[in-house]
Amino acid sequence: MRNLTQDNITQAVIARFAQTPDARLKEIMTALVQHLHAFAREVRLTEEEWFRGIDFLTRVGHITDDKRQEFILLSDTLGLSMLTIAMNNEKPAGCTESTVFGPFYVEGAPHYELGDDVAHGAPGVPCLVRGRVRGLDGEPVPGAEIHVWQADAEGKYDVQRSDLREHLARGVLQANDRGEYFFRSILAEAYPIPDDGPVGDMLKATKRHPWRPAHLHFMIKAPGYETLITHVFRNGDPYLDSDAVFGVRQSLVADWVKQPDGTYLVEYDFVLPRDRRAAR
């Protein structure tokens, strides 16, 4: 087709995907083209704006590396991450809700015994974290694998530090036979997401703040149960209602209780649904 116009180009592009052998890929590419073209028409996108958009995405790619995932950060701040999570993680009532994975999980975190200090020297006020991992019927989930990671008192994850020699404030533990877990760490504090790159430029241009409310990250795995990726948020944090990445759920908010010795205690139970795929 040679005589393409703004009125017929969308269908011409879609037609080029007609022979795509993967039906799901064909569905996604067709919808993507339709919505991208509709967006350009709706806002009357100028060539200058299109070039600025390309430059923005190029800078997102250039700043992304093995320690920083700017594309995830972009998805998070646009609410796309949480929308995708919400659509794909509908659970029975009573199960712990999922939230964003975030860009700072790393493979190969050290394994700790229950009661150990996963902070491992990260700056912050000492805190004890404990609770249970159980199923929807109340049954304990023995041996559940618990991945935990968090920012330190300076608002940084270990991988954001150029002088990092070993992992700090992250680790992997295993619940005991009663599904119980407990470990020492540091008090969760609010922190800004990295805003020195293109995502930060977007936030500044739209008068948005980069702050996330204080939280701990958890990923919990157990045979026969669905893997849970979630946070536990600190009650009373001023950013609970304006999380930069839209990740807060009321059911994930817990009290960090100050103890007589100045340390803190947070208790939280996780409830996992059975793996519905295994039941089929």
- Task: Excluding residues fewer than 8 places away in the same chain, name every one of the aspartates and glutamates whose C-alpha is closer than 12 Å to that of K91.
- Result: E226, D275
- Message: How much of the DSSP bridge set in the chain is antiparallel, in percent, rounded to the nearest 5?
- Response: 70 percent
- Simple label model, 7 Å out from Cα along Cβ direction - A15 to D201, nm: 3.8 nm
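Express the C-alpha Rg of the range 78-173 as a ratio against the empirical globular expectation 2.2 N^0.38 Å, rounded to two decimals. Mind dumping the intermediate values first?
Values: Rg = 15.7 Å, N = 96, 2.2 N^0.38 = 12.5 Å.
Here the Cα radius of gyration is 1.26 times the empirical estimate.
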- Message: Could you tell me the relative contact order of the range 23-136? Use alpha-carbon pairs under 8 Å, at least six residues apart, and round to a whole percent.
- Response: 17 percent
- Query: What is the range 45-92 by shape, rounded, prolate or oblate, if you read a ≥ b ≥ c off the alpha carbon gyration tensor as root eigenvalues and call it rounded for a/c under 1.5, prolate for a/b larger than b/c, and oblate otherwise?
  - Reply: oblate
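In the chain, which whole DSSP H runs stretch at least 15 Å along their own axis (Cα) and average 0.0 or higher on the Kyte-Doolittle scale?
Numbers: long enough: 23-43 (30 Å, 0.27); 47-63 (24 Å, -0.35).
Taking the DSSP H segments of the chain (at least 15 Å long, mean hydropathy at least 0.0), we get 23-43.
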- Hey, could you grab the Kirkwood Rh for the range 141-256? Inverse mean 1/r over distinct alpha carbon pairs, Å, one decimal. 15.7 Å
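With 16 Å as the cut-off, how large is the P(r) tail for the range 1-106, expressed as percent of Cα-Cα pairs?
Values: 4141 of 5565 pairs.
Value for the range 1-106: 74 percent of Cα pairs lie more than 16 Å apart.
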- Residues of the range 68-90 with amide nitrogen under 11 Å from the 7 Å Cα-to-Cβ point of L25? none
- According to a simple spin-label model (label point 7 Å from Cα along Cα-to-Cβ), what is the distance in nm between N88 and L4? 3.1 nm
- Go ahead and estimate [θ] at 222 nm for the chain from helices alone: -39,500 (n - 2.57) per DSSP H run with n ≥ 4, summed, over the residue count, rounded to 500. -8000 deg cm²/dmol
- Query: List the lysines whose alpha-carbon lies under 29 Å from that of K207, not counting same-chain residues fewer than 8 positions away?
  - Reply: K67, K156
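Might you tell me the accessible area per residue for the range 157-226, computed with a 1.4 Å probe and given in Å²?
Numbers: 3090 Å² over 70 residues.
Normalised by residue count, the accessible surface of the range 157-226 is 44 Å².
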- Message: Within the range 223-266, name every residue whose backbone N is under 20 Å away from a label modeled 7 Å from Cα of H209 along the Cβ vector.
- Response: 232-250, 253-254, 256
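Could you give the Stokes-Einstein D for the chain in µm² per second, using the C-alpha Kirkwood radius, 37 °C, 0.692 mPa s?
Numbers: Rh = 21.2 Å.
Here the translational diffusion coefficient equals 155 µm²/s.
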- Hey, could you pull the Cα Rg and Dmax for the range 147-203, both in Å? 15.0, 49
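Using 0.36 nm times the number of residues separating T263 and M219, minus their current alpha carbon distance, what extension gain do you get?
Numbers: separation 44, 0.36 × 44 = 15.84 nm, distance 2.46 nm.
Working it through step by step, the gained length comes to 13.4 nm.
The values are calculated or read from the model by the stated rules, or taken from the named source; none is laboratory data. Just so it is clear, the model here is predicted, and its values are computed rather than measured. Ideal geometry is used to build each Cβ from the backbone, glycine not excepted, and the neighbour counts take in all protein chains shown. Accessible surface areas use protein heavy atoms only, side chains included; no ligands, DNA or RNA. Shrake-Rupley method; radii C 1.70, N 1.55, O 1.52, S 1.80 Å.
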